[in-house]
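The values are calculated or read from the model by the stated rules, or taken from the named source; none is laboratory data. Computed from a predicted model, the values in this text were never measured in an experiment. Reconstructed Cβ throughout: ideal geometry from the backbone, glycine too, with neighbour counts over all protein chains shown.
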Amino acid sequence: MPSPHNIEPAVVLLVGDFQDAFTVEAWKAIVEEVVNEAVRPASGSIAERRMRLKEQLLGCYETEPVFNCLTAFSENLVLPLPLPDGGVASSPHFLSALLRTLANYNVVAIISSGTATNTTHLFRHLGPLPIPVLVVVATVSDLLRIHPSERTNPTDRHATLRRSNALRLIPNNERQAVAIALQAMSLSLTHSVTLFDASAPDYYVTDLIRVLRDQFAEASQSSRMQLRVTNDSSELAKTDVGVFVGYLSQYDNVIAPLKQRPKHLVLSDGCYDPLRWTPTTDDIATNIWLAQPRHRVQTLAVDAYAAVLQVWRESLRHEQHPVDERLESATTLLRLALEGVEFGDRYSFSARENTSGGYRIDLVQERSK
Amino acid sequence: MTIKSIARHTFSSNEPNNASKYFDTASIGMQSETTTAFVNDRGANVAWTRAVDTVRRKFGHFLRVEREQNIGIYYNTTAAIQRVLVRLSRLLPHGIGTLLVTDIEYPGVFAAVEELWRGPVAVLQLSKLIWQPGGTTDELLLAAFGRALRLVKPTVLYFSHIARTSGYTLPVDAIVSLVRQISPRTFVFVDGAQAVGNITVPAKLLEQVDAYVTSGHKWLCGMTTLGLLYARDAPVWGFDDPAQSYSLKTLSSGSGVIDVLLSFQKALEDFGGKDGSRTLQIELHNRGLAERFVSLLDNDLFDVQGIGSRRNGIVAFQPQGYLGSKVADYTFGTMESEYLRLYGDKRFLIDAQDAIPVLRELNGEIAAETKGRNIRRASFHYYHSEEDVKRFADSLNLAAKAAQRKSVPDDRGGSKAAHKRSVARAQ
């Protein structure tokens with residue numbers, strides 16, 4: 001690879017759909033961080049240089065131009081490169097781009113801000129390659145678990161295997177389900193909550209609905225609380241408290257057009273879009289409660305990048321480490337870094353899942369256009 | 001260049017069977033008469049601990065490394081490799097790490113990997129590069145290593161300093177430099193079984209890699225068999241008691257053979273010299289003989305794999321099909337029957353030539369580089385002379401010509417001339 005320092009730069013890939021707000025927000029946050037790291041105070045006319053570099057990087061979602069733009073700063077830096085999955089990580093085109101990138105650039109880690117389904121495809125494409133994947137958006141607990149069916153299913157074998165090299169920075173669906181269930185129960189005066197199940201073929205939706213059902217089933221043993229599940233939107237409209245699990249596009253197609261809506265509607269974090277919603281305290285016809293992780297995608301993405309940078313810089317001092325320390329996996333080193341004091345108390349991993357942070361439910365309204 | 005050796009062996013072209021031993025395919029060197037005498041004349045009571053310690057000290061001196069206590073002694077090179085793999089498995093978290101090897105390694109290494117390595121194994125197919133028409137270059141090999149390292153980020157990289165079949169000297173320092181750039185933590189494990197005693201191995205290089213294994217009975221011409229390991233980070237290896245054959249503790253000495261230790265001590269004297277000039281002299285001598293051999297072989301009868309400036313004392317050559325068993329008498333047979341086997345779902349191949357890499361899963365046999373290539377190999381040691389080499393080449397050429405005259409078709413489809421005629425007819 002070309003490099004002014006004749007040293008091959010380390011690279012971290014941001015994989016996701018750059019048409020999607022989550023990925024764009026993650027990219028912007030990483031760019032901000034890398035610009036600050038790249039243009040250090042000693043380099044003179046800092047503000048101007050930072051601004052120029054930032055302008056070059058923002059809005060550029062192609063791997064090679066970003067690499068060329070950053071190589072001048074490669075010394076002691078991990079270069080973030082975007083790798084768009086186009087929203088379809090299962091495509092041969094994406095697989096080819098991924099493998100070409102992995103062979104041509106020194107990719108030391110991948111930050112995945114794709115959907116759960118696309119992250120699963122990413123795992124599958126990576127096969128047994130031990131490159132750590134830091135998941136910052138996809139919120140499905142099944143991603144990182146091994147199911148008995150997968151152990152015998154050869155097509156899922158590598159997706160399963162890859163999980164040992166994955167870290168999910170965003171909390172899992174069980175935590176979200178607990179937050180949604182508690183909120184919905186506290187709002188219900190009739191001891192009944194209606195869950196709209198659109199039966200979307202998506203890990204995220206099916207997994208969260210499954211965990212929500214479990215939560216209500218458990219609650220029903222000690223209270224009169226009932227969960228009604230429907231795929232009829234008009235049924236949802238008649239209810240006091242409704243829960244919608246899915247993505248914003250589904251919400252816009254199915255729920256938003258309803259003339260009559262429940263008094264309270266709790267939305268899962270799949271509906272989160274910073275451009276769409278704003279916090280409110282107003283009491284309006286339908287109170288919309290939005291679940292979202294305590295730490296936003298920008299924070300998680302920057303943390304992921306900073307941890308990769310920290311571990312890489314430490315790796316460059318390899319000769320100071322005895323053999324047994326050097327044999328530690330990159331994923332474990334990243335986990336230990338994220339649990340360090342530099343990252344506050346945002347991360348505490350159990351196996352490969354972050355159990356710290358959790359979810360909050362905010363009352364929101366649509367932003368005025 | 002003439003090398004003064006302590007004892008000279010002889011080669012007679014009337015004894016073809018002698019050639020297979022004299023220019024041994026596996027590079028097993030012949031013990032000098034002085035060494036043999038030294039072993040035979042030893043007193044009845046040679047202290048075991050002292051013998052082991054002396055070998056470490058003398059070998060450390062030979063390698064010009066500062067820490068002779070970082071040297072471990074084993075039954076053979078494969079045993080040393082097994083020891084490292086076992087130790088690494090113990091040191092690895094959960095015993096799992098990713099291993100990157102090449103497909104030009106000794107089949108016994110694959111067997112050890114298959115038995116001892118629980119994590120993913122990636123096999124880089126270097127043989128396609130090395131055996132391509134016109135040979136390969138360091139640049140192509142480094143590019144292949146670079147692609148594989150970027151893809152795999154191995155916990156451990158294992159490769160040979162000199163490819164045992166083709167004799168290509170790999171650019172170890174450049175490969176290590178690449179590793180430190182791409183995957184700095186990777187444990188670099190180099191097999192120098194065909195290197196030490198054949199070429200000069202700089203002490204600096206031994207400090208750059210994490211483990212370096214070699215053999216006492218190949219190019220260093222000690223008695224069979226002895227494996228040696230140098231590891232810069234010695235404390236994790238426990239060399240005081242390597243647990244295989246050559247323990248420093250007398251009571252647990254296992255099946256170690258004291259004659260082997262004594263033989264090796266004495267054999268090293270032939271390679272001595274404080275400044276390393278003797279090893280450089282031997283390197284040039286071996287390479288000179290190899291090049292001489294290549295120039296003497298009839299190129300109508302033999303194809304020699306081009307390896308450019310990476311030549312050392314090894315020459316791999318491919319007799320044309322009509323030679324059959326006639327040449328086998330002189331060359332220790334072929335390596336046709338070699339195979340590399342790896343099982344399980346975590347083993348995969350990386351084609352060194354793919355621009356866009358494809359991870360090909362493998363579960364079973366990989367074609368060894370020798371497969372289908374009818375490769376013979378000769379080794380030129382410090383005790384060979386130019387006259388030896390000439391007699392050997394002449395013998396081979398004569399045997400081949402005799403076989404050609406008879407035009408005895410063999411299992412490879414007859415003579416080169418006959419093949420040419422059949423091709424012409426077909427056209």
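Considering region B:168-178 alone, what residues qualify as being touching a Phe, Trp or Tyr at 6+ places or on another chain (Cβ under 8 Å) and within 14 Å of chain A (Cβ to nearest Cβ)?
B:I175, B:L178
For region A:352-369, which positions are part of a strand (DSSP E or B) and surrounded by fewer than 19 Cβ atoms within 10 Å (Cβ to Cβ)? Give the derivation first.
Kept after step one, since they are part of a strand (DSSP E or B), are these residues of region A:352-369: A:353-354, A:359-366.
Selection gives A:R360, A:D362, A:L363, A:Q365, A:E366.
Tell me, which residue of region B:379-427 that is over 30 Å from B:L220 (Cβ atoms) and in contact with a Leu (Cβ under 8 Å, 6 or more places away or on another chain) is modelled with the highest pLDDT? Write out each step before concluding.
Within region B:379-427, the subset over 30 Å from B:L220 (Cβ atoms) is B:397-427.
Now narrow it down to the ones that are in contact with a Leu (Cβ under 8 Å, 6 or more places away or on another chain): B:397, B:399-401, B:403-404, B:410, B:416.
On the way: B:N397: 90, B:A399: 83, B:A400: 84, B:K401: 86, B:A403: 78, B:Q404: 77, B:D410: 46, B:K416: 52.
Ranking the candidates gives B:N397 first.
Just checking, how many residues over region B:44-55 are in contact (Cβ under 8 Å) with a residue 60 or more places away in the chain and assigned to a helix (DSSP H, G or I)?
Of the residues in that region, 7 qualify.
Evaluate the following for B:T165: is it away from every other protein chain (no Cβ under 14 Å), part of a loop (DSSP other than H, G, I, E, B) and closer than 24 Å to B:E365 by Cα? Outline the logic, then answer.
Values: away from every other protein chain (no Cβ under 14 Å): yes; part of a loop (DSSP other than H, G, I, E, B): yes; closer than 24 Å to B:E365 by Cα: yes.
Here the answer is yes, as B:T165 does meet what is asked.
Mind listing just one residue for me: the one in region A:89-111 that is more than 7 Å from every other protein chain (Cβ to nearest Cβ) and part of a helix (DSSP H, G or I) and, of those, surrounded by the fewest Cβ atoms within 10 Å (Cβ to Cβ)?
A:P92
Answer with yes or no whether B:I199 is touching a residue at least 24 places away in the same chain (Cβ under 8 Å), more than 28 Å from A:E314 (Cβ to Cβ), more than 13 Å from chain A (Cβ to nearest Cβ) and out of contact with any Leu (no Cβ under 8 Å at 6 or more places or on another chain).
On the way: touching a residue at least 24 places away in the same chain (Cβ under 8 Å): yes; more than 28 Å from A:E314 (Cβ to Cβ): yes; more than 13 Å from chain A (Cβ to nearest Cβ): yes; out of contact with any Leu (no Cβ under 8 Å at 6 or more places or on another chain): yes.
When the stated conditions are applied, B:I199 passes them.
Of all residues being of a type in the set (D, E) and either assigned to a strand (DSSP E or B) or modelled with pLDDT of 90 or more (or both) in region A:56-88, which is farthest from A:A10 (Cα to Cα)? Just the residue, please.
Initial filter on region A:56-88 (of a type in the set (D, E)): A:62, A:64, A:75, A:85.
Among the residues that remain, those that are also either assigned to a strand (DSSP E or B) or modelled with pLDDT of 90 or more (or both) are: A:62, A:64, A:85.
Details: A:E62: 17, A:E64: 14, A:D85: 21 Å.
Checked region A:56-88; the qualifying residue farthest from A:A10 (Cα to Cα) is A:D85.
With respect to A:T278, is the statement that it is away from chain B (no Cβ under 13 Å), in a strand (DSSP E or B) and of a type in the set (S, T, Y) true?
Values: away from chain B (no Cβ under 13 Å): yes; in a strand (DSSP E or B): yes; of a type in the set (S, T, Y): yes.
Taking the combined requirement at face value, the residue satisfies it.
Go through region A:118-219 and tell me which helices (runs of 4 or more DSSP H), entirely inside it, have 3 or more residues that are on the phi > 0 side of the Ramachandran plot, modelled with pLDDT of 85 or more and under 17 Å from the mean Cα position of the chain (by Cα). Walk me through it before giving the result.
On the way: elements: A:148-152, A:157-162, A:173-187.
By residue number, no helices (runs of 4 or more DSSP H) qualify.
Could you tell me which of the residues B:V65, B:V121, B:V86, B:V113 is closer than 30 Å to A:L126 by Cβ and surrounded by fewer than 22 Cβ atoms within 10 Å (Cβ to Cβ)?
On the way: B:V65 fails: closer than 30 Å to A:L126 by Cβ; B:V121 fails: surrounded by fewer than 22 Cβ atoms within 10 Å (Cβ to Cβ); B:V113 fails: surrounded by fewer than 22 Cβ atoms within 10 Å (Cβ to Cβ).
Result: B:V86 is the single residue among B:V65, B:V121, B:V86, B:V113 that is closer than 30 Å to A:L126 by Cβ and surrounded by fewer than 22 Cβ atoms within 10 Å (Cβ to Cβ).
If A:Y305 satisfies every condition in (1) of a type outside the set (G, A, S); (2) in a helix (DSSP H, G or I); (3) within 14 Å of another protein chain (Cβ to nearest Cβ); (4) surrounded by 15 or more Cβ atoms within 10 Å (Cβ to Cβ) but one, which is the exception?
So the condition that A:Y305 fails would be (3).
Let me confirm something: among A:R335, A:R317, A:R313, which residue is without any contact (Cβ under 8 Å) to a residue 40 or more places away in the chain, within 14 Å of chain B (Cβ to nearest Cβ), of a type outside the set (A, V, I, L, M) and out of contact with any Gly (no Cβ under 7 Å at 6 or more places or on another chain)? Can you show your working first?
Values: A:R335 fails: without any contact (Cβ under 8 Å) to a residue 40 or more places away in the chain; A:R313 fails: without any contact (Cβ under 8 Å) to a residue 40 or more places away in the chain.
Criteria check complete, one pass: A:R317.
In region A:234-290, what count of residues is obtained for those that are within 14 Å of A:I361 (Cβ to Cβ) and among the aromatic types (F, W, Y)?
Counting residues in region A:234-290 that are within 14 Å of A:I361 (Cβ to Cβ) and among the aromatic types (F, W, Y) gives 4.
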